[in-house]
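Inspection log for the structure reproduced underneath, given as structure tokens.
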Amino acid sequence: MATVTEPTVERAARLFHALSDEKRLRIIEVLRGGERCVCDLVDVLDAGQSLLSFHLKTLKAAGLVSDRKQGRWSYYRLNAEPFEEVEAIAAALRADAERTADSTCCG
């Protein structure tokens with residue numbers, strides 16, 4: 001059984017927090033199609049620039065998206081590695097749940 005360290009827990013919390021908002025999940029869904037200009041995201045998501053910037057900042061802080069500047073526009077794209085981390089964390093939790101499904105606290 002793998003030991004969960006504090007940095008691992010903190011990283012998992014940051015990733016799952018970033019994925020816990022409907023708007024952020026919609027941003028991710030749009031970016032699944034490839035890199036998009038922030039102006040496109042404003043239009044597609046029907047969100048104001050300020051709100052969109054907040055959500056993009058959260059996704060970027062978790063490492064789920066990255067951006068690049070071109071002229072006055074910012075372009076965003078998904079980063080694969082953090083999603084692999086999410087998969088690994090979820091797989092470990094599932095394995096632990098299956099392993100301990102029949103155990104009891106005081107039995």
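Values quoted throughout were computed directly from the atomic coordinates according to the rules given, and no laboratory measurement underlies them. Please read all numbers here as calculations on a predicted model, not as lab measurements. A quick note on method: Cβ atoms are made from the backbone with ideal geometry, for glycine too, and the neighbour counts reach across all protein chains shown.
Observations on the model:
- Cα-based reach from residue 23 at 20 Å (exclusive), listing aspartates and glutamates while leaving out same-chain residues under 8 positions away: 35, 40, 43, 46, 67
- Per-pair calculated FRET efficiency, R0 = 22 Å: residue 87 and residue 60 via Cβ, rounded to 0.05: 0.65
- Calculated Kirkwood radius over Cα pairs in Å (choose from [x] 14.8; [y] 14.2; [z] 15.6), label: [z]
- Projected label points at residue 32 and residue 72, each 7 Å from Cα along the beta carbon direction, are separated by 3.3 nanometres.
- Residue among 18, 51, 79 farthest towards the positive dipole end of the chain, charges placed on Cβ: 51
- Taking a Cβ cut-off of under 13 Å around residue 27, the surrounding Lys, Arg, Asp and Glu residues balance to a net charge of 0, with basic ones at +1 and acidic ones at -1.
- Overall form of segment 15-70 per C-alpha gyration tensor (a/c, 1.5; a/b vs b/c): rounded
- Simple Cβ-charge dipole of the chain, Lys/Arg +1 and Asp/Glu -1, about Cα centre, in debye nearest 20: 520 debye
- Based on DSSP H segments of at least four residues, each scored -39500 (n - 2.57), the chain has a per-residue ellipticity at 222 nm of -19000 deg cm²/dmol.
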